[in-house]
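The next block holds one structure in the form of structure tokens; read it before the comments.
The values are calculated or read from the model by the stated rules, or taken from the named source; none is laboratory data. Worth saying up front: this structure is predicted, and the values here are computed from it rather than measured. With ideal geometry, Cβ positions are generated from the backbone for all residues, glycine too; neighbour counts draw on all protein chains shown.
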């Protein structure tokens, strides 16, 4: 009897210990705060540590209020690391491919020309508007001479110049090509001296050293999409959206004179120079193309 007890007891003790072992740990840190069902691709952005809604909007050339609306965000401080945000309008995000190209349906022509295989190339059949075929007369050929050229190209008593010459004359007389829809008529945002140029590896704009209260002017027409101090490192900041491509930013102001959503005109006073979040009184000015900083000196007129 004693031998049976001594044999069974260790087995029961071992089974009890095994039932108390902790469950294996699962590392879910890679998907924390993120829905695996949400799409990630063109037009979307995954929130990183330290991101703010204002900075995300600025980096992608958008109004932070639009980004909040597209993502049903009521509290701009409530975004979390790993969260997927839409950072492009719904229609633009749907139409834009991975390479940024916009997909459009192929348009078919109104009709297809048909001709016999043995038909001469000098007398093509041309489709008439009604759909019937219009047969052009055959063109005769003769050796080139100045007299033949003058006779064949005389219209209304005037000799018509060759097509190449006509094209050259038209090109010289034509006015300059109109500006594109995303072009901006830029001006300098201040008259004070430039203190630091743009640098790819450092300064992402132009710095101007002035006095407290010096006027800051809108560099072109546009809409104020941000006015405040929510972006660390910029102090009191104004951001103007000029079109779908370009933004301009004006940082370290002492006083902001415009409000979000306000339309401003080129040359309008929008702020006063200051030193908020800076070690000296200055204006830090940026031009952003599709959210990315570019050298303003390449866009501003020569001084």
Answer yes or no as to whether residue 259 is without any contact (Cβ under 8 Å) to a residue 24 or more places away in the chain and over 25 Å from residue 45 (Cβ atoms). no
Only one of these conditions is not met by residue 277: (1) within 17 Å of residue 203 (Cβ to Cβ); (2) surrounded by fewer than 16 Cβ atoms within 10 Å (Cβ to Cβ). Which number is it? (2)
Residue 26, sole failed condition from (1) at pLDDT 65 or above; (2) over 29 Å from residue 234 (Cβ atoms): (1)
Check 148, 171, 227 and return the single one that is farther than 14 Å from residue 285 by Cβ, at pLDDT 95 or above and not in a loop (DSSP other than H, G, I, E, B). 227
Filter the stretch 187-226 down to residues that are crowded, with 18+ Cβ neighbours inside 10 Å and under 22 Å from the mean Cα position of the chain (by Cα), then give me how many there are. 11
